[in-house]
Amino acid sequence: MLSSSRRLSLLVIALLLFIPIGFLQTQLIDPFYKKNYAPPKQKNGVNGLSQAGSNLPATFALGAFTGFREAIAGMLWVRCDEFFHNGDYDAIMPLIRIITWLDPHQIDVYETGAWHMDYNFTDTQERSDRRYIPMSVALLKEGIDNNEDQPDLYSDMAFVHYFRKIQDFPLSRYWFKKGWDVVAAKAVVDEKNDQIGLKEQTNFDGADKGVMTVGHGYAHALEFNGQEQEAVVQWNACLDLHRKLIAVKNGTDISEVQNLEIADKQLRELQGRLKYRPIDTKTPLDMGFTPILVRVAPKVFVLQGTLKAIGAKKFVLETGEREFGPVDGCRIEIRLQDESYKLPDIGAYTLGTAVDPNVTIMQDAASVRGGKIGGDQGRKIDMSQDKEMYSFKAPRYTVTAWFTPNNPNDAPIQVQDRIGWLGEGLDPKQKNFVLTDGKSLLPGEVSPIPGLRMLIKTWTLTREDITGAGKKVFR
Amino acid sequence: MKTIWLIASGTFGEAMRRKVLLIFLFAGLAIILMGVAFAGLATQARDLTVTKSLGLGVISLAGVFISVILYITLIPQEIERRTIYSILSKPVQRYQFLCGKFLGGLMTVLLNIALMGIVFILLVAGKQWFQYGVNPGPAMLSLSKGILMIFFQMTLLGAVAMFFSVFLSPFVNFFLTFAVWLLGNASSLTEALADPTSDPNHPKSAIVVGIFKVVHVIIPNFANYNIQNPIINPHEHITNEPIYIAWNILYAIVYTAILLTVGSLIFDKREV
Amino acid sequence: MAQDTIIPSADALSGNGTAPPGFDPGIGKAIEIKNLVKQYKKVTAVNNISLDVYEGEIFGFLGPNGAGKTTTIKTLLGLIFPTAGEVLVLGKPAGDIDVKEKLSYLPESPYFYEHMTASEVVGFYGSLFGLAGAVKQKRVDELLDLVGLQNAGKKSLRAFSKGMLQRVGIAQALINDPKVLFFDEPTSGLDPVAHRDIRDLILHLKSEGRTIFLSSHQLSDVELVCDRVSILHGGKIRRLGHVDELIAGGNVEIVAEGLKATEAQMAQLRDLSSKTELVGDTLTITTAASTESKNRVLDWVRTAGGNVLSMTQTRRTLEDIFYEVVHQGELETGTAFAVPSVLEKN
C-alpha cells in the first residue's frame, strides 16, 4: 500500500488533470465539434437534435445520441426509397423531417424531399397539390442553411423550385446568385492555392459541379428577368471559369470542353438577339388574348378562347436572316384559389407541418394550338374527383388566366423574338394587357419584375359558380 | 513497465478467448458484410451513404459491447478465479496490475476494431473500385480516421468501465458504464445546459450554470468522437480535422490517465 | 513441558514461543504476527492472534473452514489489510515489494491462464521476477522436472487434471527460489500418489532451508511434515506448539472396582479426573498422564477402598487435539480462549 501522503499527492495530480481536460473540452473540442459535426441549431434557437429527439421514438433518440445518427438516417432513407416506389408519399413526409434532423448533410434528402413535395402529391389529372409548396421552400432553405457551400441545393431551389414550380423568376435569380457566389468564392480560393503551389487542393472541387448548374442557371435567370446585359457578363464569367477548369484538368475531361461550348453558344445567341430584338419588337403586336372559362359540370371547367402568337419561323443569327408568322407553342397559365390566399412562409418544416385541408388551389396550363387555347377542345379542368385537394370551403375564388412573355414556358424563344424579353413588343392597347409597373399581379406571392408586360384575365367566382350544376360561361 | 506489459499480454491472450467477445466480433462482421452487399439502392451516392454509415455504426456498437463487457469483468474475474492472488503475491504493484489489465484489454479491443475496420474498409474500397469505378483512396483514408476515433472512444469507455470495476460488481458496472456512455454522447445537451445564453426566455442562475459546467467537463465526452458525418457525406470538407482528431486522442489519453490513477488509488486499498 | 490440560496455560504457550528444538536461539523470524485482528462488517475473522514462524521451519496452520486461516495468509501476502495489529514477513510489512521477491504463494485450487502451456505459465510468473531468456527457460525446465511435469510442459493447461494444475502451481511458486512459501491446502483433492509426491516435495523444500507456512486440514500430512503447528478456531489460536509436544502426554484410564466412596470423596474425585464413568461396579477414571495426577487418583482409589484393575496410557494424535479444539471451541463463548498476555511479548 502506498503511504497516505503519496496517495494524497497522486489524487491531487489526477484531479489537477481535469484542468487540461476542461480546457481541451470547452475551449478546443466543443467549438470545433459544434461547428463541424453537431446537428445544426434550428431557427428558433432550440438544438435541432434535441428537438428531433423529443419527437422521435425512444430507439431512434437513443441511436441519435450515440453515433448512429447517420446510420439511422441512411436506413430511413432506404425505407423512403421503398415508399417512393410504392407511391406511399404521405409516409415520406415525417421521415424526411427526421432524416434531415439526424443527418443535416445528406444533400439528396433535401433535393428529393423538396422535389417530392413540389411534384408528387397530385390529383387524378396529375396536377400537383400546391399546398405543399411552403414546406418544400422551408425544407430547401433549411438544407441550404446547413450546407451553405453546396451549389446543388441552390440550383435546386432556383431552378426546380422557383423557376419550374412557382415561376417566381426574381427569386429564382436570387438563389442562383447566392449559389454562384459560393462557386465563385471557391474558385478564387482554389486559384490562390494554385498560385502558391498547393496543387493537391487545386481541383476546383465544387466549382466544376457548380459552374454548369448555378453558373449557367444564373445567366439564364438574369435573361428571364429582363437583365440581358448582366446575363452577358455572367456568361463571360462562366466561360472564364470553364477555361480555368479545362487548364487544371489538362484537357482530360471532355465534358468540361462541351460545357464551355454550351456557354459559348448561349452567349453568341444572346448577343445575336440583343442585336435583332430591339428592331423586331418595334411594331406593336396585338395577340388577341381572350380566355373564356366554361363550367361544364359541378367543379368541372373548360378553358378556351384565343391567343394569336406571332414568332420567328426562321432565324439565322449569323446573317440576321429571319421570317415571322403565326406559330404554335405558347402556353396559358390558369390558377384557381381562395380569394384571399397568399403563399405562406411557414418558417420551418416540422414534424407537425401539414397542409390546410380548407384551402383550395388549382394551377394548370393550356397549350395554344392554331391560335386556340387548349386547341379545338379547350383545356378541361376536372376538380370534382379529388375532394381532399379541392375542398371548396371558401365562399369566393379568384381565377386567373395569364400569358407571361418572359416565361419561356409561356412564350417560346421564337415568340420572344417578336415580343421581347419582357413583352416590349406587345401592343398596350390590346385587351387584357397590363404593364405590371413593378407590381406583382400574379396570384400567390410572386415577386414583381420592373417593366414586365403581361396579358392577364381575372374572374372572381363564388362557390355556387363552381359547384353549381349545368353549363355556365364566364367571359 | 515490463511487468505491466507482461500482465497485458497475459490478459490479451485470455481475453481473445472470451466467447462472448467473439460473438460480438462475428455479429459485427456479418452485419458489415450484409451492409456492403446490400444492393438495390437508386444511386451510388445513396448506396455508399448507407454502407458507410451502417458500417461505422456497427463497428462502434460492437466496439462498445466488446469493451464494456470485457472491462467490467477483467478485474472481478481475476479475483473470482484467484489468479490475482498468485500475481499480486509476486513483486507486482497494484497499479502495475491495473495498468497491465487495462492495456491487455485495450489490445483486445484494438484487435477487434481493427479486424472489423479492415474488412469494412476493404469491402467499401472494393465496392467503389469494382462496382462504381471510383478511386477508393480518399474514402479509405476518411474511413480510417473514423475507425481511429472509434478506437479512442473505446479506450476512454474501457477506462471508465475499468475504473468502476475496481469497486463495483460487473452487473452494476455494466449499467453504470452504459449510462455514462449515453450521457457522454449527449454532451451537446450538457453543454447547452451549461450555456447561460442557450435559452433566452429562461435565464439561468450562475450556480446552475457552474454546476452544469462542472458536469459537462467531468463527464467523459464521447460525442466528440463521432465524426462520421463528413465521412458519410464526402462533400463536407472540414478544415484542420487532423488537429481535432489529435485533440481528441490527447483528451482520451489524459482522461484515461486520470481514471487509471484514481482507480489505482482505490485498488491499492481494495482487499482482494 | 508436557501439558495435558485442554485449556492451554500461559506456560504452555510461552514455551512454544521459543525457537523449535534444533534451531539456534539467534535464528531469524520469517513471519511475525502481532495481535492481528481482521474485522469484516459483522464478522471478526481473525481475533487478536500473535505468532512467530522461524526461518527454516515448516509451520502448520490448522483449523476448520472459516477459522481464519486464509484471511491470515492473505494478510501475510498483503492482499488484505489488518484491522489492527502488525504483520511482518522477513522483517518487513506484508505486501512490501522487496519481500515479495523472496516469498511465494500457492493458492488453494489454483487457476492459471488456460491459453498458456505449463511451461509458458511458469515462465510468465518467472518474468514477473525479472527472469528472462535462457536463464528463465532453464529454471522453468528444472521446476517442471521437479514437480514431475517434464513431459507435459508443452501441453495447454486446458487439458490438465487438478493434480497436474497443483504441480504447475508448485512449480510457479518455486520460480523465484523463495525463502518463504505459503501453501494453502496444497494436497486437497489429489490422488494418493500425487499427495505423497507433494508431501515429499515439501520436505525437500525444507531441507533446502526454506520456511514453509502450510495451511491445511489434511492432519496426517501436517503431523508428518510440520515442525510446529497452530490450531485456529473462531479466529483465535487455540493451540500452538511443537507437534511432538501437542501429541505427547495424553491421558490414562484407571479402571477400579469395589469402591465404597462417600459423597465427599466423589466430589474430590471430580477435581482429580477429567472424566469418570461408572458401569455396574466398575469405575473408569480418566486423568492426565502426569505422574502426579496418576498418583493422586491411585491414592484416592485406595482411600475409597477400591482395587485397581488396569491402568492404560492413551496416546493422542493431532486429530484428537484438533477435534478437541473444535469441539471445545464450539462450546466456549470464546472468552476462555483469550490469548495469554505472555504471548504478546513475542
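Overview of values
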item: Positive minus negative residues near C:G189 (Lys, Arg vs Asp, Glu; Cβ under 15 Å); result: -1
item: Value at 222 nm in deg cm²/dmol, rounded to 500, when DSSP H runs of n ≥ 4 in chain A each add -39,500 (n - 2.57); result: -13000 deg cm²/dmol
item: Helix A:254-280 vs. chain A, principal-axis angle (Cα, 0 to 90°, nearest 10); result: 40 degrees
item: Using θ = phi - 60° and Karplus 6.51 cos²θ - 1.76 cosθ + 1.60, couplings along the range B:7-15 (whole Hz; Gly, Pro as x); result: 5, 4, 5, x, 5, 4, x, 6, 5
item: Proximal aspartates and glutamates to A:K342, defined as alpha-carbon separation beneath 12 angstrom and excluding residues fewer than eight positions away on the same chain; result: A:E445
item: Using alpha-carbon coordinates, inclination of helix C:133-146 to the longest axis of chain C, degrees; result: 40 degrees
item: Share of pairwise Cα separations in the range C:95-160, more than 13 Å, in percent; result: 67 percent
item: 28 Å Cα-Cα threshold exceeded, pairs from C:K38/C:K92; A:K275/A:K314; A:K244/B:K145; result: A:K244/B:K145
item: Convex hull volume per residue for the protein assembly as shown, taking Cα atoms only, in Å³; result: 261 Å³
item: Within 10 Å of each Cβ in C:114-127, the average number of Cβ atoms from other chains; result: 3
item: Rg and Dmax of the range A:158-280, Cα atoms only, in Å; result: 15.4, 52
item: Extreme residue, positive dipole direction of chain A, given options A:P450, A:H220, A:Q167 (C-beta unit charges); result: A:P450
item: Listed residue pairs exceeding 19 Å between alpha carbons, taken from A:K34/B:K213; C:K102/C:K155; B:K90/C:K42; B:K90/C:K102; C:K206/C:K236; C:K102/C:K154; result: C:K102/C:K155; B:K90/C:K42; C:K206/C:K236; C:K102/C:K154
item: Cβ-defined net charge surrounding A:K275, 12 Å radius [Lys, Arg +1; Asp, Glu -1]; result: -1
item: Whole-Å semi-axes of the range B:2-269's equivalent ellipsoid (Cα gyration tensor); result: 34, 28, 15
item: Partner aspartates and glutamates for C:K41 [C-alpha distance under 18 Å; skip if fewer than 8 residues away on the same chain]; result: B:E271
item: Paramagnetic reach from C:E324 (point 7 Å along Cα→Cβ, amide N under 15 Å) across the range C:220-252; result: C:229-232, C:238-252
item: Cα-centred dipole magnitude for the protein assembly as shown, charges only on beta-carbon of K, R (+1) and D, E (-1), debye, nearest 20; result: 2100 debye
item: Counted charge near C:K206, where neighbours are those whose Cβ lies closer than 10 Å (Asp, Glu -1; Lys, Arg +1); result: -2
item: Among C:N251, C:L79, C:I170 the positive-end extreme of the charge dipole of chain C (Cβ point charges); result: C:L79
item: Charge dipole (the protein assembly as shown, unit charges on Cβ, about Cα centre) - positive-most of C:P64, A:F315, A:S5; result: A:F315
item: With Cα atoms, 0 to 90° folded angle of helix C:118-128 axis to chain C main axis; result: 90 degrees
item: Chain A: translational diffusion in µm²/s, Stokes-Einstein, Kirkwood Rh over Cα pairs, 25 °C, 0.890 mPa s; result: 95 µm²/s
item: Dimensionless Rg over Rh [the range A:290-474; C-alpha; Kirkwood]; result: 1.02
item: Modelled label reach - C:Q268, point 7 Å along Cα→Cβ, the range C:281-301 residues with backbone N closer than 13 Å; result: C:296-301
item: Mean Cβ count within 10 Å, highest first, over the residues of peptides A:212-218, A:74-80; result: A:212-218, A:74-80
item: Whole-number Å³ per residue for the convex hull built on Cα positions in chain C; result: 160 Å³
item: Mean residue ellipticity (222 nm) of chain C, computed from DSSP H runs ≥ 4 via -39,500 (n - 2.57), nearest 500; result: -11000 deg cm²/dmol
item: Computed magnitude of the charge dipole of the range A:62-153 (debye, nearest 20; Cβ of K, R +1, Cβ of D, E -1); result: 300 debye
item: For chain C, share of DSSP beta bridges that run antiparallel, in % to the nearest 5; result: 70 percent
item: Residues of type aspartates and glutamates that A:K265 reaches as a straight line, Cα spacing below 13 Å, ignoring anything fewer than 8 places off in the same chain; result: A:E318
item: Chain A, dipole about Cα centre (Lys/Arg Cβ +1, Asp/Glu Cβ -1), debye to the nearest 20; result: 1200 debye
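Coordinate-derived values only; no laboratory data. Since this is a predicted model, take the numbers as computed values, not measurements. Counting neighbours? That spans all protein chains shown, and the Cβs are built from the backbone with ideal geometry, glycine included.
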